[in-house]
Amino acid sequence: MPLNQDLVGKEYPPVRYEVGREKLREFAESVGETDPIYHDEEAAHAAGHPDIPAVPTFPIVLTTRVGQKVYEDPNLGLDYSRVVHGEQEFTYHRPIFAGDRLLAAGRVAAVQVKGRHELLAIETRVTTEEGEPVCSAVVTLIARGSAGGSA
Amino acid sequence: MQRGGDADRQRIRRGIGVTAATEVTPGQKLEQVVQTIERADLVRYAGASGDFNPIHWNDEWARSVGLPGVIAHGMFTMALVGRAVTAWAGAADAVVEFSVRFSRPVPVPDTDEGTEIVVSATVKGETEDGHTRLALTATCQGEKVLSMAQAVVRKR
């Protein structure tokens, strides 16, 4: 079933996210990052960081939470289990550190038909609770076969 | 101080960093990151990232949506690329922009050997802001799995 074009521009309430040290360590380990600054507070301090920093792709954890709100929107018509990741963009204003209290706000940036598939772009802006910009991310998903018709 | 092969590689890996004084030459290649991926890595990444899409752990489901079988999370590949970039930049906070297009899936067979991703990066030049632009590639079984992949890195 085609995705609902009317949702382009729709904004979703921000998701709160408290960044835990163990979560950052777990994520770094899961991608094979062994540099001590991502695991050890002393190494992070020695490198001039206030605490353990996140690896650059960590914000995907926040965008996934935001995405779940979008995917669950009954007006969208997305079957997440038929989705593959098409493109990913990050723009960084400052690193994420353990202890950060963040807000991640999502918005449907685009819905496009591409052959039998459809592209869904979701933009997430991440700020601190005080409103300081942290990063933004655009996730473009490919909904396989959702445009209907035959190949 | 010990000099030579291992010591130099270690220094690059830990990163003394790209400072304002660093001469960055277009065409310069970054140290490659080579990573074996097995099914267990995808399970670990699913848990760490919160992405439990069954195409990353269920062969039957993956085939039912037209994939060759279980594929790696695109973000797992992007994270490997990120490691190459931050290792070269020498700082977690040096990355200003980072973007990729996932042009080909990375099938991960249910074997002890799994598969292998090779990440390479090349300096393209400077941006208007004086940052360094890197062109990035990742290959699996000799095929490129990313296109239009790039990062912009700030000098310290």
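None of the figures in this text is laboratory data; all of them are computed from the coordinates on show. Here the structure is a predicted model, which means the values were calculated and not measured. Cβ: placed from backbone, ideal geometry, glycine included. Neighbour counts: every protein chain shown.
A few points about this structure:
- Under Karplus coefficients 6.51, -1.76 and 1.60, residue-wise ³J(HN,Hα) of the stretch A:19-30 in Hz, glycine/proline x: 7, x, 4, 5, 5, 5, 5, 4, 5, 4, 5, 5
- A simple spin-label model places pseudo-atoms 7 Å from Cα toward Cβ; at B:Asn58 and B:Gln141 they are separated by 2.4 nm.
- In a DSSP loop and with at most 16 other Cβ atoms within 10 Å, there are no chymotrypsin sites (Phe, Trp or Tyr not before Pro) in the stretch B:67-122.
- Figure legend: label point modelled 7 angstrom from the Cα of A:Asp73 along Cα→Cβ; residues of the stretch A:91-116 with amide N under 11 Å from it are A:106-111.
- Peptide B:70-83 is shielded by partner chain Cβ atoms: per residue, an average of 5 of them sit within 10 Å of its Cβ.
- For the residue pairs A:Lys114/B:Lys144; A:Lys10/B:Lys155; A:Lys69/A:Lys114, the alpha carbons lie more than 28 Å apart in A:Lys10/B:Lys155.
- Residues considered: A:Ala44, A:Ala109, A:Ala121. Largest GNM mean-square fluctuation over chain A, using C-alpha springs under 10 Å, is found at A:Ala44.
- Within 10 Å of each Cβ in A:87-95, the average number of Cβ atoms from other chains: 6
- Cα centroid separation - the stretch B:30-99 against the stretch A:98-136, whole Å: 19
- Calculated FRET efficiency, A:Glu22 to B:Gln32, Cβ-Cβ distance, R0 = 41 Å: about 0.85 to the nearest 0.05.
- Mean shadow area of chain B over all directions, Cα convex hull, nm²: 10.8
- Theoretical FRET efficiency, 1/(1+(r/R0)^6), r = Cβ-Cβ of B:Val65 and A:His39, R0 41 Å, to 0.05: 0.70
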